């Protein structure tokens, strides 16, 4: 992975534009409009109104222009606040607002370029094509069929299809971009330029960087200002993500976890490339959701009783001797229960 990948769907405003965003009279006037109480800050509710205006401008001229009149999904607000206002204690000042608006303006342009049929949504084919044009070989293998490439794009996009209608709206696309910015940045920052694949120890470093980069999402997810938004559910928003503070036992992943993930996604190699890493991250997110569902008392680990329930719910009840053997095999730190990465080892070896 190298910096030239940050083009197309992943491109950013240029450096000069970033420096000038706070001098924009347009942004300043917009901030004044949405700072209705004159406090010099925008709270999440006021931010939602600002984003609704942006959303309507995105959808103008599309077949959905008269249908999309609702504010952004609260998950979109969560991601934007975490990205641009990580340390503002629940309020968003003008510098944060202007950077956020500039970022969204850039995503508007990208969305319009991808939405070739002007429906106001992104289909699997459009997303797959956009990933390819961004230098992103979504399958990780050269010369594969378009059908396989589209299947992989569908798997990535499905995680953000909030209304499950098979396409991505603009705010669902914003969520996808914000989350994958974290994964891409973790890779770029910790993998030397020109290196196309990484080994287990390097993978641990990247995964640790991912956990740190997602920490602001977790902090905002439990912030009191978010609880005031109608329909906001921190459990569903944070469920697939893994970040340090959600675990009571905050330790790095075990090397064996990285080894098993590479075995699963490295196609027989002792290393994985960036595309395989991306597919691995989708797998990690799926298993995180299963782990949280099994961890009913939010202890951050799964004991034998929780594991028995999880297997039974999945339709694969195991006898006590088998459960004991499973826990004994994967409990590498000797705690009597499974931490998330130990659970991940188990799923990597058993989940197809």
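What follows draws every value from the coordinates through simple rules; no lab data is involved. Since the model is a prediction, treat every value here as computed from it, not as a measurement. In this analysis, Cβ positions are derived from the backbone assuming ideal geometry, glycine residues included, and neighbour counts consider all displayed protein chains.
If you scale each eigenvalue of the Cα gyration tensor by 5 and take the root, what three semi-axes come out for segment 237-352, rounded to whole angstrom and sorted largest first?
Values: eigenvalues 102, 55, 39 Å².
Each semi-axis is √(5λ); the values are 23, 17, 14 Å.
Using the alpha-carbon centroid of each, what span in Å lies between segment 218-254 and segment 80-115?
20
Take peptides 266-278, 168-180 and line them up by average Cβ neighbours within 10 Å, highest first, as a rough protection proxy.
On the way: 266-278: 18.3, 168-180: 23.3.
Ranking the peptides 266-278, 168-180 by packing returns 168-180, 266-278.
Packing-wise, with mean Cβ within 10 Å as the measure, how do 230-236, 71-77 rank, highest first?
On the way: 230-236: 12.3, 71-77: 22.1.
Output ranking for 230-236, 71-77: 71-77, 230-236.
Can you tell me the order of 92-100, 336-344 when each peptide is scored by its average per-residue count of other Cβ atoms within 10 angstrom, highest first?
Highest to lowest by the protection proxy: 336-344, 92-100.
If R0 is 41 Å, what FRET efficiency do you get for residue 229 and residue 333 from their C-beta distance, rounded to 0.05? Kindly include the intermediate steps, with their values, before the conclusion.
Values: r = 39 Å, r/R0 = 0.94.
E between residue 229 and residue 333, to the nearest 0.05, is 0.60.
Could you compute the FRET efficiency for residue 322 and residue 252, with r as their C-beta to C-beta distance and R0 at 30 Å, rounded to 0.05?
On the way: r = 30 Å, r/R0 = 0.98.
Efficiency for this residue pair is about 0.50.
Could you list 327, 217, 333 in order of exposure, starting from the residue whose Cβ has the fewest other Cβ atoms within 10 Å? Intermediate results must be reported in sequence, preceding the final value.
Numbers: 327 19, 217 22, 333 13.
The fewest-first ordering by Cβ neighbours comes to 333, 327, 217.
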